[in-house]
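The values are calculated or read from the model by the stated rules, or taken from the named source; none is laboratory data. Bear in mind the structure is a predicted one, so any value in this text is a computation, not a measurement. A quick note on method: Cβ atoms are made from the backbone with ideal geometry, for glycine too, and the neighbour counts reach across all protein chains shown. We work out accessible area using only protein heavy atoms, side chains counted, and drop any ligands, DNA or RNA first. Shrake-Rupley method; radii C 1.70, N 1.55, O 1.52, S 1.80 Å.
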Amino acid sequence: MKCMGTVKYMGGGGSGQSCKIGNQICVGSSLVGLAEGMVFAEKAGLDSRKWLEAVKDGAAGSAVMRLFGEMMAERDYKATGFAEYIVKDLGMAAADEGGDVAVMPGSGLSKQLFSGMVANGDGKLGIQGVVSVIRRLNGMS
């Protein structure tokens with residue numbers, strides 16, 4: 001298990017799954033923000049790699065940017081985490097049957113954009129491919 005990261009006990013049954021879903025909410029929203037920032041930069045005529053270099057050490061910098069930014073810029077959508085799996089996880093967040101569910105509109109939007117990847121036949125591509133949906137929405141290939 002050590003090769004997978006630090007193991008943390010989160011509580012009773014289902015707590016670990018809830019922790020993972022919370023992580024996926026953060027990652028999904030961060031990927032969407034990164035994708036939108038990158039597409040904005042591209043539409044403004046900026047080189048996406050230079051843009052990444054310029055913003056990575058500021059407030060916008062993140063682990064998501066470090067892990068996925070270059071792949072997004074290079075249109076490298078090889079499987080990292082499957083898009084169809086984050087759709088499932090974000091759907092589980094919305095359908096939590098614990099009774100005390102938080103309203104999370106950003107997660108709903110993220111789920112719709114990742115679902116767009118799946119609908120385009122890209123469900124087995126990496127989650128960084130969400131930038132392709134934002135590019136399509138903006139008339140970019």
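In region 113-123, is there at least one residue being under 13 Å from ALA35 (Cα atoms) and touching a residue at least 60 places away in the same chain (Cβ under 8 Å)?
Yes, region 113-123 contains a residue that is under 13 Å from ALA35 (Cα atoms) and touching a residue at least 60 places away in the same chain (Cβ under 8 Å).
Okay, residues lined up against (1) closer than 21 Å to GLN17 by Cα; (2) more than 14 Å from the chain's Cα centre (by Cα); (3) in a loop (DSSP other than H, G, I, E, B); (4) at pLDDT 95 or above:
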| position | (1), (2), (3), (4) |
| --- | --- |
| MET71 | no, no, no, yes |
| THR80 | yes, no, yes, no |
| ILE86 | yes, no, no, yes |
| ASP96 | yes, yes, yes, no |
| ASP100 | yes, yes, yes, no |
| GLY106 | yes, no, no, no |
| GLN112 | no, no, no, yes |
| GLN128 | no, no, no, yes |
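Here are LEU67, LEU90: which of them is under 26 Å from LYS124 (Cβ atoms), outside any loop (DSSP other than H, G, I, E, B) and open to solvent by less than 70 Å² (accessible area, probe 1.4 Å)?
LEU90
Among residues belonging to region 1-52 that are of a type in the set (A, V, I, L, M) and out of contact with any helix residue (DSSP H, G or I) (no Cβ under 8 Å at 6 or more places or on another chain), point out the one that is nearest to LEU137 (Cα to Cα).
ALA44
Just one of (1) open to solvent by 40 Å² or more (accessible area, probe 1.4 Å); (2) polar (S, T, N, Q); (3) out of contact with any Gly (no Cβ under 8 Å at 6 or more places or on another chain); (4) modelled with pLDDT of 95 or more trips up ASN23, so point out which.
(4)
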